[in-house]
Amino acid sequence: MPPSALPPPAVPTDADLVSAYRGGDESGASRLVARHAASLARFIAGTGADPGEIDDLVQEAFFRAFRALDSWRGESAFRGWLLTIGSNLARDQYRRRKGRTVISIDDHDVATDHDPGATLDANEAERNLADGLTRLPRLQREVFLLRAQQGMAYEEIARSLDTTPGAARVHYHHAVKRLKELVA
Amino acid sequence: MINCELLVDKMPLVAHREAAWTPEESAHLSDCAECAASWRVVSIAPRLGDMIAQRLDLPRITRQLQDRLARDRGAGRWKRTGWITGLAAAAVLTVMVWNGTRHVPDAPGTATSASGSALEVPLAELEGLDGDQLQAVLEALDAPLGATGGGPSPSFGDLDDSQLERVLRSLEG
């Protein structure tokens, strides 16, 4: 049989990988890290965490998640649950810094576009948005990040933040309205 | 007729390329300053933190994480063993003390607390609002930031079935 005729290998779900890890398969953890670390890092960065501590926060969030797998309700998305843990860590870090937020400069200084002018505009817009996010109340900021940055549905956001989809939707609209004022 | 509120709801889907603007929605984005400003904000969000994510040292994170988890599992086994040993020692001590003392009436029972310690995320007052109240809050948000082209107010009567379905789903909580 030619290789192209073989059915594509099934991609294990997060729940499959969690089950594998709980069953003693270490690669389940590695694959979950590979799958979600970037999203987690972007989310933590969006909360205003110190960019120099993102690697450590990501590692700590996964560590706490794997230790607390028994408390993961399988009906909610693993990623949402992980991001909530990351959010709590970022909040703790913020308290340790006594409220000082850090806006990454180097994150925006690397030109990746062929049009330097467009890149500068895009970088400035991202910087303004990052700055604006730090001025939002925590729940608005997190709902906005989960919805707009992570692309999560209101229902999933509600499960992650222990609120209702309707309330999450209102927080999202509040956040967009305030960010328009702050970023403009 | 385009409902601005629903368009803002849809923006993350388009920003993540899970949906596309219809010609009518595209035209609205060109005409409505409020929606255009919302789109500028939402469309940037998926890129936020990209460079930080690209610089993650994933092999190091994974290696250190697995080391920590392995140590933690080892410590957990030790703790379980220690707990059993401690319990046995406590039982022996109890018997010894019991045998060495006279029986006295029981002291009032000590209350034990087994309340769950689930992480509580602080919720805003929105949590307690019903669908109509949440909708009223949303409508209050619709006030424009500045003077806009000023199209007609969005109305549920203008929505098609699928849009109404989405509103209902969102409001039902």
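Any read-out appearing in this document is the output of simple, stated calculations on the displayed coordinates, not a laboratory observation. Predicted model only: the values in this text are computed from it and were never measured. Every residue, glycine as well, gets a Cβ built from its backbone with ideal geometry; the counts of neighbours run over all protein chains shown.
Inter-chain Cβ neighbour count for A:21-29, averaged per residue, equals 1 (cutoff 10 Å, partner chain atoms only).
For region A:11-102, the Cβ-based charge dipole about the Cα centre amounts to some 460 debye (Lys, Arg positive; Asp, Glu negative; other atoms uncharged). Other residues within the sphere of radius under 15 Å centred on the Cβ of A:Ser30, judged by their own Cβ, net out at 0 (K and R +1, D and E -1). Computed over region B:1-48, the Cα gyration tensor eigenvalues convert (square root of 5λ each) into semi-axes of 17, 12, 9 Å, ordered from largest to smallest. Rounded to the nearest 20, the Cβ-based charge dipole of region B:1-48 about its Cα centre (Lys and Arg +1, Asp and Glu -1) stands at 300 debye. Packing, taken as the mean count of other beta carbons within 10 Å per residue, orders the peptides A:68-74, A:124-130, B:6-12, A:80-86 from highest to lowest as A:80-86, B:6-12, A:124-130, A:68-74.
The order of the peptides A:7-16, A:131-140, B:20-29 by mean Cβ neighbours within 10 Å, most packed first, is A:131-140, B:20-29, A:7-16. Counting only other chain Cβ atoms within 10 Å of each residue's Cβ, the peptide A:143-152 averages 5. Ordered from longest to shortest, the equivalent ellipsoid semi-axes for region A:11-102 are 26, 12, 11 Å, each the square root of 5 times a Cα gyration tensor eigenvalue.
The residues B:Cys35, B:Cys4, when put in order of fewest to most other Cβ atoms within 10 Å, stand as B:Cys4, B:Cys35. In whole angstrom, region A:123-184 maps to an equivalent ellipsoid with semi-axes of 21, 11, 9, each derived as √(5λ) from the alpha carbon gyration tensor and ordered largest first.
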